[in-house]
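Colleague: Mind looking over this structure? Questions follow.
The values are calculated or read from the model by the stated rules, or taken from the named source; none is laboratory data. This is a predicted model, so every value here is computed, not measured. So basically every Cβ, Gly included, is an ideal-geometry build from the backbone, and we count neighbours across all protein chains shown.
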Amino acid sequence: MTEERRDFKKRLQKFTRKALKATIKGIVFYGIYFVLSMFLAPVSEMVPSFQQMIEVFVMVYIFLMIIGELTAGTIFHHFFNGAKALFVILYLIFALNGGIVGITVQNVNLIVDLRLFLVVTMLLGLLGLAKSVLQAINFLNKEQNTYTSKFS
Amino acid sequence: MKILIRMIGIATTIFWIFLIAFFVSAVYSFKDVQFDFGEPQIGLASDNKILFSLPITIDNKGYYNIGAFNVTTEISDYEGFITTRASTFIPVIAKGRLIGITHNFTMDIEDLLQNSRDYLFNDTELEVRETVSIKLAEVIPVQASTNLSIPWGAPLYNFTLGRIEYVGFNETHMVATIPISFENHASFDLTDSIHIGMYNSTDILVSEGQTTIETPQNTPYHGHIELNVPIVGITENGHFDVYFLTPFFNFGPLVIPYD
């Protein structure tokens, strides 16, 4: 009974630590977004959908980040990190319309060519995905070693 | 493996920070770049085309240089036929610099007249497509374009030849006085040489003459031309062939019947 209680307490402590880490990470990420959004305010004034696009991105990214942190120490942590990297790539491709963004403001057609930016973000996203895959392989390798050493 | 993963993680984070910081600062600094388009001036080019000059001032107070600044003007008629296309290009506008340029483009009325002679005699509109493109921080291409309609004032608006008045000159000839009237709605002064050929009902050229007129912009013209006509050639009706010779265009014949 005491063993069970101690185990539960340990798990709760571990979970609380993860939750705290996830919360801090989420707050820091949102803080960075908040500061950057002030710099991007002129664009948001011109393009109302820009703010919404960024907000959706930040929300989903923070959600995946929190889930990823809560599942730390499991294989799901790496899955969510991979999902986060894939989300960044896919969201930017769709949101930036393949890199050519066109808007019309008071009879003026504005076209911004963000293909170079998109390529760089995609490469960084792929690097993040590669890192998650390597982390997952490393994690499974470690688990396998632990399992082998336990039963040999 | 762990070291490799950590290296990838550190590299990715550094690149993300650099990319986001660069992108945000490039966009943010664009608000400190001022473009000022002045009043367009209209003049005459050396090749007798109408010259439009658009003064542009660019004050780059941003954090980065601006690359590949390009202004393009396209003028087309109402059928979409492009009569004028001109570009002004500046490779780099360094940060902190104030640059003043003049975007010049010329328009040849002869090109307009190839499609329709209405541009000489009727007021209409021309389509102008103005495109400005730059590279933010010499990396991010941005293009802004707009379509405008500018009024076109006809240089020979409502051109008419009045009723001929004959006055005896001698036994064989008469002096025919033909009133000429029109309004110069164009944005330039018109120095025009009008050549008129008078044909009788049997299509025989009975007389011809030339007159030079000067009509400042937006003013009407009322004048006349006198032709020495042989009495035997005069018929009740016929037609005039009118030719216009100006520094901007040559046009003719404009056939105007008389009776």
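Colleague: Pick from B:Val167, B:Val175, B:Val229: which is crowded, with 16+ Cβ neighbours inside 10 Å, farther than 21 Å from B:Arg117 by Cα and outside the structural domain of B:Glu127 (by TED's automatic domain parsing)?
Modeller: Numbers: B:Val167 fails: crowded, with 16+ Cβ neighbours inside 10 Å; B:Val175 fails: crowded, with 16+ Cβ neighbours inside 10 Å.
One residue alone meets the criteria, B:Val229.
Colleague: For the subset of segment B:61-86 comprising residues that are in a strand (DSSP E or B) and in contact with a helix residue (DSSP H, G or I) (Cβ under 8 Å, 6 or more places away or on another chain), which member is modelled with the lowest pLDDT? Even if it seems obvious, please write down each step before you answer.
Modeller: Just the residues of segment B:61-86 that are in a strand (DSSP E or B), to begin with: B:66-76, B:82-86.
Adding the requirement that they be in contact with a helix residue (DSSP H, G or I) (Cβ under 8 Å, 6 or more places away or on another chain) leaves B:83-84.
Values: B:Thr83: 81, B:Thr84: 85.
Here the residue is B:Thr83.
Colleague: Scan B:Thr191, B:Thr131, B:Thr202 and give me the residue that is at pLDDT 90 or above, among the polar types (S, T, N, Q) and part of a strand (DSSP E or B). Spell out the reasoning first.
Modeller: Details: B:Thr191 fails: at pLDDT 90 or above; B:Thr202 fails: part of a strand (DSSP E or B).
One residue alone meets the criteria, B:Thr131.
Colleague: How many of the residues making up segment A:47-69 are surrounded by fewer than 17 Cβ atoms within 10 Å (Cβ to Cβ) and either small (Gly, Ala, Ser) or touching a residue at least 60 places away in the same chain (Cβ under 8 Å) (or both)?
Modeller: Total meeting the criteria: 1.
Colleague: Going by the conditions given, is B:Ala26 in a helix (DSSP H, G or I), over 30 Å from B:Met107 (Cβ atoms) and in contact (Cβ under 8 Å) with a residue 12 or more places away in the chain? Steps first, answer last, please.
Modeller: Working: in a helix (DSSP H, G or I): yes; over 30 Å from B:Met107 (Cβ atoms): yes; in contact (Cβ under 8 Å) with a residue 12 or more places away in the chain: yes.
So B:Ala26 passes the test.
Colleague: I'd like the residue in segment B:20-44 that is surrounded by 15 or more Cβ atoms within 10 Å (Cβ to Cβ) and aliphatic (A, V, I, L, M) and, out of all such residues, is farthest from the other protein chains (Cβ to nearest Cβ).
Modeller: Across segment B:20-44, the extreme among qualifying residues is B:Val33.
Colleague: Quick check on segment B:141-155: of everything there that is facing chain A (nearest Cβ under 7 Å) and in contact with a Leu (Cβ under 9 Å, 6 or more places away or on another chain), which residue is farthest from B:Ile42 (Cα to Cα)? If you could, list the steps in order and put the result at the bottom.
Modeller: Pass one, segment B:141-155, residues facing chain A (nearest Cβ under 7 Å): B:141-146.
Then keep just the ones that are in contact with a Leu (Cβ under 9 Å, 6 or more places away or on another chain); that gives B:141-145.
Values: B:Pro141: 31, B:Val142: 29, B:Gln143: 26, B:Ala144: 24, B:Ser145: 22 Å.
If we take residues in segment B:141-155 being facing chain A (nearest Cβ under 7 Å) and in contact with a Leu (Cβ under 9 Å, 6 or more places away or on another chain), then B:Pro141 is farthest from B:Ile42 (Cα to Cα).
Colleague: Kindly indicate whether B:Val128 is over 22 Å from the mean Cα position of the chain (by Cα) and either more than 14 Å from chain A (Cβ to nearest Cβ) or of a type in the set (Val, Ile, Thr) (or both). First the steps, then the outcome.
Modeller: Numbers: over 22 Å from the mean Cα position of the chain (by Cα): no; either more than 14 Å from chain A (Cβ to nearest Cβ) or of a type in the set (Val, Ile, Thr) (or both): yes.
Judged against the criteria, B:Val128 is not a match.
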